[in-house]
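Heads up, the thing below is written out as C-alpha cells.
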Amino acid sequence: MLNVATPTKLRQIRESLGISQDALARRTRSVSVSTYVRLERGAHAARYDTATQILDAINELLREREKPELELKDLELRLY
C-alpha cells in the first residue's frame with residue numbers, strides 16, 4: 001500500500017491560490033524555493049522571519065483576489 005502524505009495547510013492554501021511553489025517563493029523577499037518546499041512538506045520548522053515572508057506573499061495574493069487575509073497561525077507552520 002502506498003503511503004500518501006496528507007497535504008499540509010500551507011500546501012492547501014497555495015494550491016487554492018493556483019500558484020506554484022516556485023512562484024510563491026519568488027514573491028517573498030528572500031525565501032528560496034528549496035526552503036519553501038521543505039516547509040510545505042513539514043520537513044523543517046520555520047524561522048519567524050521566513051514564516052512572515054510567506055504569509056505576506058500569500059496575503060498579497062489574497063488582496064489581489066479580494067479575499068480575506070490570513071494570520072500566521074492559519075499556515076500551521078512549526079516555528080523555532
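The values are calculated or read from the model by the stated rules, or taken from the named source; none is laboratory data. Just so you know, these numbers come straight off a predicted model, no measurement behind them. Note that each Cβ is placed from the backbone with ideal geometry, even for glycine, and that neighbours are counted across all protein chains shown. Side chains included, ligands, DNA and RNA excluded: accessible areas come from the protein's heavy atoms. Shrake-Rupley method; radii C 1.70, N 1.55, O 1.52, S 1.80 Å.
The table for this structure:
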quantity	calculated
Ala46 long-range amide H proximity, modeled H, under 5 Å	Arg78, Leu79, Tyr80
Fraction of accessible area attributable to carbon and sulfur, the chain (%, probe 1.4 Å)	49
Compactness of the chain, expressed as Rg and Dmax over alpha-carbon positions, Å	12.2, 42
Using a Förster distance of 22 Å, the FRET efficiency for Ala43-Glu66 (Cβ separation, nearest 0.05)	0.10
Charged-residue dipole, Cβ positions (Lys, Arg, Asp, Glu), the chain about Cα centre, Debye nearest 20	240
Probe 1.4 Å, protein heavy atoms only - accessible area per residue of the chain in square angstrom	66
